[in-house]
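Participant: So that we are looking at the same thing, I have put the structure below in structure tokens.
The values are calculated or read from the model by the stated rules, or taken from the named source; none is laboratory data. Owing to the predicted nature of the structure, the values given are computational and were not obtained by experimental measurement. All Cβ positions, glycine included, derive from the backbone under ideal geometry; neighbour counts span all protein chains shown. These area figures cover heavy atoms from the full protein model, side chains too; ligands, DNA and RNA do not enter into them. Shrake-Rupley method; radii C 1.70, N 1.55, O 1.52, S 1.80 Å.
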Amino acid sequence: MKIITTLLFLAFSEYISAQTVIRGSVQDENNNPLEAVSISLVKTSDTLGYKNTMSDRNGKFSFSSVPAGNWSVRLSAVGHETVIGTAFTIIPGSKLMELPAFTLKKQNSELQSVAVVVKKPLIEQKADRILVNVDASPANAGTSVMDVLEKSPGVSVDKDGNISLKGKQGVTIMIDNRPTYMNGTQLAVYLKSLPSSSIDQLEIMSNPSAKYDAAGNSGIINIKTKKSKARGFNGSTTLTYTQGEYAKPGGSLNLNYRENKFNFFFNGGYTYWQGFQELDINRNYLDSGSKQINSIFTQNTHLKFLSPELNLKIGMDYFLDSKTTLGIVLTGYQNNETDNSQSNITLKDANNVADSLVQSVGKIHGIWSNGTVNVNFRRQFDSSGRELTADLDYIYYKSSSDQLFQNYMYSPDMELLSSNSLSGDLPSTINIYSFKTDYSHPFQHDFKFEAGLKTSFVATDNKANYYDVTAGDYNPDTTKTNYFVYHENINAVYVNLTKKYKKWNFQAGLRIENTNYDGHQYGNVYTVVNNDSTFKKSYVNAFPTAYITYDLNDKNTFNVNFGRRIDRPDYGDLNPFLFFLDEYTYQAGNPYLQPQISTNIELSHTYKSKLTTTLNYSNTQNFFAETFQQEGHATIVRRGNIGRRENAGIAVSLNMPLTKWWNTTIYVNANYNHFTGELYGENLDVEAVTGMGNMTNQFKFTKGWSAELSGWYRTSGIEGQIYVQPMGQSTVAIAKQIMKEKASLKLGLRDIFYTQQVRGTIDFQQTQATFHNTRDSRQLSLTFNYRFGQAIKGARNNRHSGGADDESNRLKKGGNN
């Protein structure tokens with residue numbers, strides 16, 4: 001790293017020495033330095049902001065690499081009057097321009113006592129990401145984070161809660177730039193129980209830079225929680241009551257206190273989520289030769305769940321001096337879920353005549369909890385943005401699942417033929433350690449150098465203890481009981497270079513990751529049969545990224561980007577255990593599952609910062625997805641490597657005001673998926689075009705009233721072996737600012753027409769299956785939000801997040817929200 005840095009300094013030393021630097025300072029009316037003042041460098045010819053910065057703890061600021069010309073600066077801070085400085089001229093060849101000190105006067109005290117509410121647009125289109133400002137939509141009140149994701153541009157959620165971006169699965173979900181340590185069903189449970197009132201913004205990045213973990217073949221969605229940088233004491237509280245088929249109350253509290261060198265913050269939320277799922281399945285079993293129907297299987301399952309969930313975050317920042325910050329963040333999460341299900345199954349012959357009836361009753365009580373400790377460091381060397389950061393994380397994850405399945409088989413005339421009971425105890429623990437550090441150095445002439453490294457260690461311990469229950473006696477089931485441990489180490493290093501030249505912006509990066517893992521499935525203690533098995537692997541991958549942006553004029557911007565990414569199997573997907581969903585449906589892991597690697601290319605054009613058109617193409621090798629395997633009348637669901645996936649698409653995003661009181665946001669995406677490969681001895685070659693669209697209409701009226709009418713729709717499409725039929729949702733909401741705009745009331749109705757129902761077909765081996773899944777999606781929510789405390793912002797962009805970016809997204813947990 002020292003050699004690279006030295007060579008860069010030498011290569012650009014002559015280039016740097018010819019630049020002009022502007023320096024200045026800002027103070028209050030008592031001549032005390034003001035920090036966190038926003039300063040814009042403005043061309044006097046067009047009044048457009050050329051560069052932006054903020055004053056440091058000593059009130060000082062600077063701009064580097066400023067060309068000759070006529071300039072002025074604009075200074076603004078919350079609670080103070082805006083100041084526009086006198087114009088000045090930079091002469092060609094000058095090295096330094098010292099500006100006189102600026103003084104900002106306080107605003108009227110009556111104005112300062114009013115809470116400042118900044119109105120942001122719902123959707124912001126940036127060069128490398130899309131931003132979704134959650135509170136800008138009244139329809140988001142009383143909803144979950146998953147609900148917000150479902151209607152975000154380019155995002156879709158399948159029947160199991162798996163998240164896709166632009167038609168591709170494998171999205172990495174992060175919270176405050178940190179991993180969530182969840183994936184699959186576990187992540188779905190968490191996001192459905194996390195209230196949207198606790199988050200501030202979504203960052204959607206389809207092709208992140210080399211600074212980010214290479215995990216997530218379709219990109220990254222970063223969920224930014226609410227936090228405040230105001231001095232003194234401030235916060236907000238939210239209370240929500242949601243009524244669907246069942247009640248879903250919840251609330252959250254955000255607190256922040258900053259004084260002198262300390263900043264303390266607390267975020268907490270609780271939801272009492274209950275609901276249902278209704279699942280209908282029909283399977284036709286075919287003769288392997290004639291392909292005629294041999295037998296028919298029908299199933300209706302009703303599941304009711306109760307899922308109280310608590311999430312907490314508490315932290316502190318200590319400012320050693322004006323440029324150095326130490327922080328610690330503690331987070332915790334617990335979900336205590338109870339699922340009660342009843343399945344009515346009919347087995348029929350080829351003539352659709354019932355042979356037997358099965359009633360299956362299941363009860364699962366699961367507790368899922370995790371705790372995280374993050375220690376972070378930040379050193380800002382100067383106001384140009386040169387800084388060094390470091391994060392040390394420890395995450396402990398624990399889950400337990402107590403299961404009881406009771407099955408009763410009857411003849412067609414309801415005579416009891418047989419019965420059996422199976423009990424399961426499935427404890428699991430995961431320990432994750434992570435360290436990362438990043439260095440950023442902006443040079444003059446708009447050149448920026450970034451580099452960093454990361455290492456992480458993961459250890460999982462999973463047990464499956466199953467018992468046959470007879471007359472109250474629990475006898476170990478040696479065919480199902482198992483014990484599996486897994487260890488993983490990933491080491492990464494990256495370098496990223498950015499250069500702006502006239503109308504061009506270039507960025508290139510390279511990330512190298514070394515992965516080492518091993519797993520061991522132990523023989524169970526109840527049998528002398530040795531079914532021990534192990535696997536071990538080590539590999540190195542390189543992940544280049546490149547971005548080029550060209551500003552043709554003030555109306556048209558073109559961008560092209562390229563990246564290579566990896567999606568590793570979830571820890572639970574490598575676990576070879578059988579998990580029982582019901583008498584005829586099992587879920588299992590696959591210890592031989594290989595990572596999938598994708599190459600992505602995007603080309604986009606933005607017009608007037610309102611209309612963006614994007615073309616994308618990706619090629620994924622070793623593509624894996626949910627697969628279905630038939631064993632008798634039972635179906636085993638597991639992740640498997642299918643082969644290759646090609647994805648191509650076009651997306652159009654429009655955000656514009658139609659009138660002074662009506663703003664609309666439209667997103668339309670069409671993508672083509674082609675899957676080829678081999679699965680369970682059968683060739684797979686399927687393709688389909690899928691379209692999706694979101695539309696949000698926001699209305700702003702007088703006297704603090706606002707409203708929203710929004711909806712999304714997805715056409716039919718394929719997800720590996722699954723063909724999914726069209727589905728959609730519509731939402732209406734109204735909001736009112738009250739208590740001098742310190743509080744708000746929001747009322748919303750989502751899934752008005754109850755159209756968010758998942759239907760589809762699955763053809764695999766000698767089985768043809770259809771399914772129909774409904775849940776408690778039509779909901780009426782009333783939300784009250786109150787903001788309190790001071791609204792004078794401080795200086796720090798506090799880092800309430802950590803550095804483990806990939807590991808968090810690869811955990812498994814049960815749940816049925």
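Participant: Compute the Cα gyration tensor for the stretch 647-709, then decide on rounded, prolate or oblate, letting a ≥ b ≥ c be the square roots of its eigenvalues: rounded whenever a/c is under 1.5, prolate when a/b is larger than b/c in the other cases, and oblate in all that remain. Show your work: numbers first, answer last.
Facilitator: Values: a/c = 7.97, a/b = 3.71, b/c = 2.15.
It is prolate, given that a/c is not under 1.5 and a/b is the larger ratio.
Participant: Oh, and also: May I ask you to derive the relative contact order of the stretch 545-664, considering only C-alpha pairs under 8 Å and at least 6 residues apart, and to give it as an integer percent? Can you show the working numbers first?
Facilitator: Numbers: 269 pairs, mean separation 26.6, N = 120.
It rounds to 22 percent for the stretch 545-664.
Participant: Next question. For the chain, what does the relative contact order come out to in percent, with C-alpha contacts under 8 Å and a separation of six or more? List each step's numbers first, then the result.
Facilitator: Working: 2403 pairs, mean separation 110.6, N = 817.
With pairs under 8 Å counted, the relative contact order is 14 percent.
Participant: Where the centre of each part is set by its Cα atoms, how far does the stretch 731-775 sit from the stretch 46-102, in angstrom?
Facilitator: With the stretch 731-775 and the stretch 46-102 each reduced to a Cα centre, they are spaced 49 Å.
Participant: Treating the beta-carbon of each Lys and Arg as +1 and of each Asp and Glu as -1, no other charges, what is the dipole magnitude of the chain about its Cα centre, to the nearest 20 debye?
Facilitator: Working: 81 positive and 75 negative charges, 828 e Å.
Its charge dipole is roughly 3980 debye.
Participant: May I pose another question? State whether the stretch 530-581 is rounded, prolate or oblate according to the following rule on the C-alpha gyration tensor (a ≥ b ≥ c being the square roots of its eigenvalues): a/c under 1.5 gives rounded; otherwise a/b larger than b/c gives prolate, and the remaining case gives oblate.
Facilitator: Numbers: a/c = 12.29, a/b = 2.82, b/c = 4.37.
Oblate, because a/c is 1.5 or more while a/b does not exceed b/c.
Participant: Out of the total accessible area of the chain (probe 1.4 Å, heavy atoms of protein only), what percent is carbon and sulfur?
Facilitator: Details: 19950 of 35170 Å².
Of the solvent-accessible surface of the chain, carbon and sulfur hold 57 percent.
Participant: Listed here are the pairs Lys398/Lys742; Lys106/Lys313; Lys51/Lys226; Lys363/Lys463; which of them are more than 30 Å apart at the Cα?
Facilitator: Working: Lys398/Lys742 40 Å; Lys106/Lys313 34 Å; Lys51/Lys226 27 Å; Lys363/Lys463 19 Å.
The answer is Lys398/Lys742; Lys106/Lys313.
Participant: Per residue, how large is the accessible surface of the stretch 566-630? Use a 1.4 angstrom probe and give square angstrom. Could the numbers behind the result be given before it?
Facilitator: Details: 2370 Å² over 65 residues.
The answer is 36 Å² per residue.
Participant: Next question. Just the Kirkwood number for the chain, please: inverse of mean 1/r across all distinct Cα pairs, in Å, one decimal. Intermediate values should be presented prior to the final figure.
Facilitator: Values: mean 1/r = 0.0346 Å⁻¹.
Radius from the Kirkwood sum: 28.9 Å.
Participant: What do you get for Rg/Rh over the stretch 365-422 if you use C-alpha atoms and the Kirkwood form of Rh?
Facilitator: Rg divided by Rh gives 1.61.
Participant: Same structure, new question: Using only Cα atoms and rounding to the nearest 10 degrees, what angle (0 to 90) does helix 2-17 make with the longest principal axis of the chain?
Facilitator: Approximately 40 degrees, to the nearest ten.
Participant: Defining a contact as two alpha carbons under 8 Å apart and six or more residues distant in sequence, what relative contact order in percent does the stretch 382-432 show? Mind showing how you got there, number by number?
Facilitator: On the way: 62 pairs, mean separation 21.9, N = 51.
Normalised by residue count, the contact order of the stretch 382-432 is 43 percent.
Participant: Report the extension gain between Thr534 and Lys323 in nm, rounded to one decimal, defined as 0.36 nm multiplied by the number of residues separating them, less their alpha carbon distance.
Facilitator: On the way: separation 211, 0.36 × 211 = 75.96 nm, distance 4.97 nm.
Length difference between fully extended and current span is 71.0 nm.
Participant: Name the longest site-free stretch of the chain, where the excluded sites are GluC sites (Glu not before Pro) in a DSSP loop with no more than 13 other beta-carbon atoms within 10 Å. Don't jump to the answer; show the numbers that get you there.
Facilitator: Working: sites that count: Glu29, Glu81, Glu415, Glu741.
Of all site-free stretches, the longest is 82-414.
Participant: Next question, about the same structure. Rounded, prolate or oblate: pick one for the stretch 201-336, where a ≥ b ≥ c are the square roots of the eigenvalues of its C-alpha gyration tensor, a/c under 1.5 means rounded, and failing that, prolate if a/b is larger than b/c, else oblate. The partial results should precede the final answer.
Facilitator: Details: a/c = 4.20, a/b = 1.94, b/c = 2.17.
It is oblate, given that a/c is not under 1.5 and a/b is not larger than b/c.
Participant: Counting only DSSP beta bridges with both residues in the chain, what percent are antiparallel, rounded to the nearest 5? Show your work: numbers first, answer last.
Facilitator: Values: 418 of 431 bridges.
Once the DSSP bridges in the chain are tallied, antiparallel ones form about 95 percent.
Participant: OK, next. Of the listed peptides 321-327, 752-758, 284-290, what is their order by residue-averaged count of other C-beta atoms within 10 Å, with the highest listed first? Kindly include the intermediate steps, with their values, before the conclusion.
Facilitator: Values: 321-327: 16.7, 752-758: 14.6, 284-290: 13.0.
Final packing ranking: 321-327, 752-758, 284-290.
Participant: I would also like to ask the following. Among Ser383, Phe675, Val73, whose Cα lies farthest out toward the positive end of the dipole of the chain, if unit charges sit on the beta carbon of Lys, Arg (+1) and Asp, Glu (-1)?
Facilitator: Val73
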